[in-house]
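Working notes for the structure below.
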Amino acid sequence: MFQLSPEIKSQWAISGVSRLIFFTIVAVALEYFIISDHIHKWFFADYVFSALVFTFFLLLLFIIPPLKYKYWKFDVRENEIYIERGVFTRIHTTAPYSRVQHIDVIQSILDRWLGLGKLVIYTAGTKGADILIPGLPIQYAEDLRDQLKNYTSEDAV
């Protein structure tokens, strides 16, 4: 079983900062416009709710990325790709090479900055049957794409 590049933890944490900012702004707005008008001052000190929301999401930035990294694994097997992931809900995915339609390697700006790429495997089937493997070193992602392309082209009719 292969694991993702350790740099993916940084990417997940940076992505989590946007959630931290968004929910803190929402909490401040709620506290300013709603809580302060309808709840007496003796019940909540000013902006305690916002501070709790900020602290909660800040803690998540340090807890979730290492846990996601720990439980994200994949394996390139003889006839299929196998993926295990999930912190709270474990997901085991198998994609036979015979179902693969095409394969992409994509990079966001953050991926390029960290030297990572995402391998996207499009499979035949229902909507949402695509497989995404994030956090691969870009050269490995391209090599894996080429390797899988060779597997799938050999199986073509």
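Nothing in this text is a laboratory measurement; each read-out follows from the coordinates by a stated rule. On a predicted model such as this, the values are computed, not experimentally measured, just so you know. Here the Cβ is made from the backbone with ideal geometry for all residues, glycine too, and neighbour counts use every protein chain on show.
What the table shows:
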read-out	value
Matching residues, the range 124-146, being buried (at least 19 other Cβ atoms within 10 Å of the Cβ) and without any contact (Cβ under 8 Å) to a residue 40 or more places away in the chain	A141
Within the range 114-123, considering residues that are closer than 20 Å to L148 by Cα and in contact (Cβ under 8 Å) with a residue 24 or more places away in the chain, the one surrounded by the fewest Cβ atoms within 10 Å (Cβ to Cβ)	T123
Count of the range 81-127 residues which are among the aliphatic types (A, V, I, L, M), closer than 23 Å to I63 by Cα and in a strand (DSSP E or B)	3
Index of the failed condition, D111 passing every other in (1) over 30 Å from A27 (Cβ atoms); (2) free of Cβ contacts under 8 Å to residues at least 24 places away in the same chain	(2)
Criterion violated by H92 - all others in (1) farther than 18 Å from L148 by Cα; (2) surrounded by fewer than 13 Cβ atoms within 10 Å (Cβ to Cβ); (3) in contact with a helix residue (DSSP H, G or I) (Cβ under 9 Å, 6 or more places away or on another chain) satisfied	(3)
The range 71-80: number of residues that are among the β-branched types (V, I, T) and not in a strand (DSSP E or B)	0
Options Y47, Y82; residue that is of a type outside the set (G, A, S) and on the phi > 0 side of the Ramachandran plot	Y47
Number of the condition not met by N150 [criteria: (1) out of contact with any strand residue (DSSP E or B) (no Cβ under 6 Å at 6 or more places or on another chain); (2) surrounded by 18 or more Cβ atoms within 10 Å (Cβ to Cβ); (3) without any contact (Cβ under 8 Å) to a residue 24 or more places away in the chain]	(2)
Residues (among the hydroxyl-bearing types (S, T, Y), over 12 Å from K68 (Cα atoms) and in contact with a helix residue (DSSP H, G or I) (Cβ under 9 Å, 6 or more places away or on another chain)) located in the range 6-19	S15
